[in-house]
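Trainee: Before I ask anything, let me first share the structure, which is written out below as structure tokens.
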Amino acid sequence: MSFDRRKNAAQWFFDNVYKDEAIRPRAYQPPEKLPSLLRTARSLENKPGLYWQSRESVFLKQAKLLAGYEDEYSFSGNVVRYYPTYESLSDQELRGYFSWRTKLRRGDIQKTSLSFVFLHIYELINQIGVASPEEGYGRLQTLRRDYGALDDSVLPYLDRWMVHYVVYYGLDPHLLEDLPRVRFDRSIAILESPDSTTEEIASAVATLSPKWLGRSRFYAANKADMDEVISRVMRRTVRHYDGCKRGFGEQFFGTIGTFDVRLFDT
């Protein structure tokens, strides 16, 4: 035996611990075969050297082809894609999306990746799976109400795009009455109108500053008296600014102007 302690330790390791082991071959798992309709949709995508179609045109062709497609596929991954299209999803993610959409259309609303929700919104904006713009708007309303309760991060986008949807398809403007942006603007007009009732003014103030009134115990215990006081104060405030260079609305909420709007931006 050597007198070198390190050499002895290394020899003991190789004699007693280290053993040669054969590398076990992995079992071959062939890739899953896509259903025929999805394979047809994949064939519409741009291939290397043929990038002559826009992402939007490819998406629309595929969406029309797959408008009625249904799937039942177990998928649990989290998908993160900016401006998602079918082309941007892997085969497993694509089947996962259509399985989620199938359940959604049957009334089974489940929380999923935000990219899947945006993809479905893009479909509705382009009239995929609906017979008319009115039906499409109804689907967007349902999605806003039911899925927004599961994940409110989608609401800022939906609220904006639903306004654009009504404008783009020339629908009745009254459809927008319950959207937050419209309620906000209408509340300012109510405060500035001399014909507004106490109830209307109190409701407008609650819309413009919901957290302030909602967390006040005193307001909750004295609602009728507080609404009367608020309405009187607001009327006096508005009258005061009527004599100023800038009126009440312009002073506190900005100047009314005309601007170019790009529909369905972002």
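Every read-out reported here was derived from the displayed coordinates using simple, explicitly stated rules and does not represent laboratory data. Computed from a predicted structure; not experimentally measured. With ideal geometry, Cβ positions are generated from the backbone for all residues, glycine too; neighbour counts draw on all protein chains shown.
Trainee: What percent does the relative contact order of the chain come to when contacts are Cα pairs within less than 8 Å and at least six residues apart? Intermediate values should be presented prior to the final figure.
Mentor: Working: 183 pairs, mean separation 27.3, N = 266.
Relative contact order here is 10 percent.
Trainee: Could you work out how far helix 91-105 tilts from the main Cα principal axis of the chain, as a 0 to 90 degree angle to the nearest 10?
Mentor: Tilt relative to the chain: about 40 degrees.
Trainee: Could you tell me which of the pairs LYS33/LYS111; LYS33/LYS61; LYS103/LYS211 are separated by over 25 angstrom between their Cα atoms in the structure shown?
Mentor: On the way: LYS33/LYS111 27 Å; LYS33/LYS61 22 Å; LYS103/LYS211 36 Å.
Too far apart for the 25 Å limit: LYS33/LYS111; LYS103/LYS211.
Trainee: Report the calculated FRET efficiency for ARG145 and ASP185 (r = Cβ-Cβ distance, R0 = 25 Å), to the nearest 0.05. If you can, show how the numbers build up before the last one.
Mentor: Values: r = 21 Å, r/R0 = 0.85.
With a Förster radius of 25 Å, E is 0.70.
Trainee: Return one number: the angle in degrees, 0 to 90 and rounded to the nearest 10, between the long axis of the Cα atoms of helix 133-146 and the longest principal axis of the Cα atoms of the chain.
Mentor: Compared with the principal axis, the helix lies near 80 degrees.
Trainee: Another question about this same structure. Filter the GluC sites (Glu not before Pro) in segment 139-224 to those in DSSP coil with at most 14 other Cβ atoms within 10 Å of their Cβ, and list the result. Write out the running numbers ahead of the final one.
Mentor: On the way: sites: GLU177, GLU192, GLU199, GLU200; in loops: GLU177.
Listed in order of number, the matching sites are GLU177.
Trainee: Right, here's the next one. Of the listed peptides 159-167, 99-107, 66-74, what is their order by residue-averaged count of other C-beta atoms within 10 Å, with the highest listed first?
Mentor: Working: 159-167: 18.3, 99-107: 16.0, 66-74: 13.9.
Going by the mean number of other Cβ atoms within 10 Å, highest first, we get 159-167, 99-107, 66-74.
Trainee: R0 = 51 Å: FRET efficiency of THR255 with GLU135, Cβ-based, nearest 0.05?
Mentor: Numbers: r = 38 Å, r/R0 = 0.74.
Efficiency for this residue pair is about 0.85.
Trainee: Spin-label point model (7 Å from Cα, Cβ direction): what's the LEU65 to ASN46 distance in nm?
Mentor: 1.7
Trainee: Given only helices, namely DSSP H runs of n ≥ 4 each adding -39500 (n - 2.57), what is the per-residue ellipticity at 222 nm of the chain, to the nearest 500 deg cm²/dmol? Write out the running numbers ahead of the final one.
Mentor: Working: 13 runs with 145 residues, N = 266.
Using -39500 (n - 2.57) per qualifying helix, the result is -16500 deg cm²/dmol.
Trainee: Could I ask something else about it? Tell me the net charge near ALA224. Cut-off is 14 Å between Cβ atoms, ALA224 excluded, with +1 for each Lys or Arg and -1 for each Asp or Glu.
Mentor: On the way: positive: LYS223, ARG232; negative: GLU199, ASP225, ASP227, GLU228.
With Lys, Arg at +1 and Asp, Glu at -1, the neighbours total -2.
Trainee: What value in Å³ per residue do you get for the convex hull of the alpha-carbon atoms in segment 160-216?
Mentor: Working: hull volume 5.2 nm³, N = 57.
Residue-normalised Cα hull volume stands at 90 Å³.
Trainee: Grab the Cα-Cα distance for ARG106 and GLU56, subtract it from 0.36 nm times how many residues apart they are, and report the gain in nm with one decimal. Let's see the in-between values first.
Mentor: Details: separation 50, 0.36 × 50 = 18.00 nm, distance 2.74 nm.
Full extension from ARG106 to GLU56 adds 15.3 nm.
Trainee: To continue, here is another question. Using only Cα atoms and rounding to the nearest 10 degrees, what angle (0 to 90) does helix 5-16 make with the longest principal axis of the chain?
Mentor: The helix 5-16 is inclined about 90 degrees to the chain.
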